[in-house]
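Nothing in this text is a laboratory measurement; each read-out follows from the coordinates by a stated rule. This structure is a prediction, so every number in the text was calculated from the model and none was measured. Cβ placement follows ideal geometry from the backbone for every residue including glycine, while neighbour counts extend to all protein chains displayed.
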Amino acid sequence: MGQLSREELVAALNELLEAERAGVRVAEETAAQLSDPGTRALMESIRRDELKWCAMLTVAIQSLGEK
């Protein structure tokens, strides 16, 4: 398996970032609809995890000279 070019790597990281952002939105919307505190707390935990990965992917993309 060959290596990705810088452009391919940035594109792949941006695709992952968009998926994580979508996960944040889904978790927020789901948590807002839940009445059970335990299930809502689980959704909030998932949302925080998605946010963490958004931050990590953003740092990786920026380290490659992208905005």
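Using a Gaussian network for the chain with springs between C-alpha atoms less than 10 Å apart, which of these wobbles most: LEU16, LEU51, LEU42?
LEU42
Select one label from [x] 1.39; [y] 1.00; [z] 1.18: the one whose number is Cα Rg over 2.2 N^0.38 Å as derived from the coordinates shown.
[x]
Helix-only mean residue ellipticity at 222 nm, the chain, DSSP H runs n ≥ 4 weighted -39,500 (n - 2.57), per residue, nearest 500. What is it?
It lands at -29500 deg cm²/dmol.
What list do you get for THR30, THR39 if you sort them by fewest beta carbons within 10 Å? If you can, show how the numbers build up before the last one.
On the way: THR30 16, THR39 12.
Fewest to most other Cβ atoms nearby, the residues stand as THR39, THR30.
Determine the relative contact order of the chain: mean sequence separation of Cα pairs under 8 Å and six or more apart, normalised by residue count, in whole percent.
Numbers: 44 pairs, mean separation 28.2, N = 67.
This gives 42 percent for the chain.
By how many degrees, 0 to 90 and rounded to 10, does the Cα axis of helix 37-63 deviate from the longest principal axis of the chain?
The helix 37-63 is inclined about 10 degrees to the chain.
Anyone know which of ALA41, ALA31, ALA19 comes out most mobile in the 10 Å Cα GNM of the chain?
ALA41
Hey, what angle do you get for helix 6-33 against the long axis of the chain, alpha-carbon based, 0 to 90 degrees rounded to 10?
10 degrees
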